[in-house]
Amino acid sequence: MSVHVPINNIIPFSLVDGPGSRCSIFVQGCNIHCAYCHNPETQRLCVGCGACVRSCPAGALKMVCGAVEWDQDACVKCDTCIHVCPNHSSPRILYLDAEQVFERVKSYMPFIRGVTCSGGECMLYPEFLSELFGLCRGVGLGCLIDSNGTVDFAGHQDLLALSDGVMLDLKCWDDSWFVSLTGTGGKAVRKNLAFLAEQDKLAELRVIVTVGRNDPEVAVRGAAGVLGEKVASTRLRLMRFRHFGVRGEMEGAPSPTDERMGAMEELARSLGFGTVVVS
Ligand code: SF4
Ligand code: SF4
């Protein structure tokens, strides 16, 4: 029987989640908690506290047997529920299996080139990804995984074979920075970086640049060392921290300057990265 997974959102057409126009699928739930997360409402599963039900101005939420039920037709998309949720969750979740998601994806053809699964952390649901990617490949769609890199890809070779590659976040290099920013160490991410490059499945390496909350220069140098000669064929995206959507300690935190981003780009090019994108 197909596994049903919590889906936070499906964006029919996205130009920022891989090459070409893509359907982006965001699962709910993450295994780490980044201080700079832009969609913190995707981090955790609902615990049924009811706070959002009481705050919904449209009566689109109700408690049924201890769980929140969301009325999509009544919802006015005001986002009040995700702002009042004390749990970094959302009541606007649909539990769908791969077939049901694929039905939606199919309705966006022929205007998309592929699908990208993101989150939350989509690698928490590898069976779902495998089934969905199998269906998508069957109709000629490309399949990308956007991941925080904390789940061991070496244990999911079948899924990787169905995927065009992984857009891998490298949030920090040094473990002390990693723990401070995400709540966990970076050993698994560094291992995945080496493994995905060796398998030619590293679609994009993503490094966030913050002011004083991570070590992007060290991360770019460290990644170049791990990649070796593959650095020339690696696409690196340097992402400027922006506070939009961020809650908690980094809400309102400054973005790095143009000069800093320019210096980061120069460093990356000097280390031999074949493609460097600053966003
Ligand atoms: S976005 Fe949330 S709070 Fe607003 S109407 Fe929809 S369910 Fe209610
Ligand atoms: S979505 Fe958040 S506020 Fe609403 S019931 Fe679940 S945990 Fe509580």
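Each reported figure results from applying straightforward, stated rules to the coordinates on display, with no laboratory input. All of these numbers come straight from a predicted model, not from anything done at the bench. Every residue, glycine among them, receives a Cβ derived from its backbone with ideal geometry; neighbour counts consider all protein chains shown.
The chymotrypsin sites (Phe, Trp or Tyr not before Pro) found in segment 179-279 that occupy coil by DSSP, while having at most 10 further C-beta atoms within 10 Å, are PHE244. Segment 196-238 and segment 1-30 have Cα centres spaced 24 Å apart.
Dipole magnitude for segment 40-159: computed about the Cα centre from +1 point charges on Lys and Arg Cβ and -1 point charges on Asp and Glu Cβ, it is near 360 debye.
Estimated at 0.36 nm per residue, the fully extended path between ASN87 and GLU69 surpasses their Cα-Cα distance by 4.8 nm. Which of the lysines could be linked to LYS191 by a straight reach, that is with a Cα gap under 30 Å, when you skip same-chain ones fewer than 8 residues away? Output for LYS191: LYS171, LYS201, LYS230.
For the peptides 25-37, 178-190, residues were scored by their other Cβ atoms within 10 Å and the scores averaged per peptide; the highest-first order is 25-37, 178-190.
About its Cα centre, how strong a charge dipole does the chain have in debye, to the nearest 20, once Lys and Arg get +1 and Asp and Glu get -1 at the Cβ? Don't skip to the end; give the middle numbers.
Values: 26 positive and 31 negative charges, 61 e Å.
Dipole about the Cα centre, nearest 20: 300 debye.
Among the trypsin sites (Lys or Arg not before Pro) in segment 69-121, those placed in a DSSP loop whose Cβ has at most 10 other Cβ atoms within 10 Å are LYS77. A convex hull fitted to the Cα coordinates of the chain yields 133 cubic angstrom per residue.
Compute the angle between helix 98-107 and the longest alpha-carbon principal axis of the chain, please, reported from 0 to 90 degrees and rounded to the nearest 10. So the helix axis and the longest Cα principal axis differ by about 80 degrees.
Restricting attention to segment 183-266, which GluC sites (Glu not before Pro) occupy a DSSP loop and are surrounded by at most 15 other Cβ atoms within 10 Å?
Within segment 183-266, the qualifying GluC sites (Glu not before Pro) (loop, at most 15 other Cβ atoms within 10 Å) are GLU249, GLU251.
Sorted from longest to shortest, the spans of the Cα atoms of segment 9-127 along the three principal axes equal 41, 33, 26 Å. Straight-line cross-link partners of LYS62 among the lysines, defined as a Cα under 23 Å from its Cα and at least 8 positions apart when in the same chain: LYS77. Along segment 157-172 the Karplus relation, 6.51 cos²θ - 1.76 cosθ + 1.60 evaluated at θ = phi - 60°, assigns HN-Hα couplings of 5, 5, 5, 4, 5, 7, 9, 6, x, 10, 8, 9, 7, 10, 7, 7 Hz to successive residues, with x for each Gly and Pro. In plain terms, the chain from ALA161 to ALA188 could stretch by 7.7 nm, reckoned as 0.36 nm per residue minus the Cα-Cα distance.
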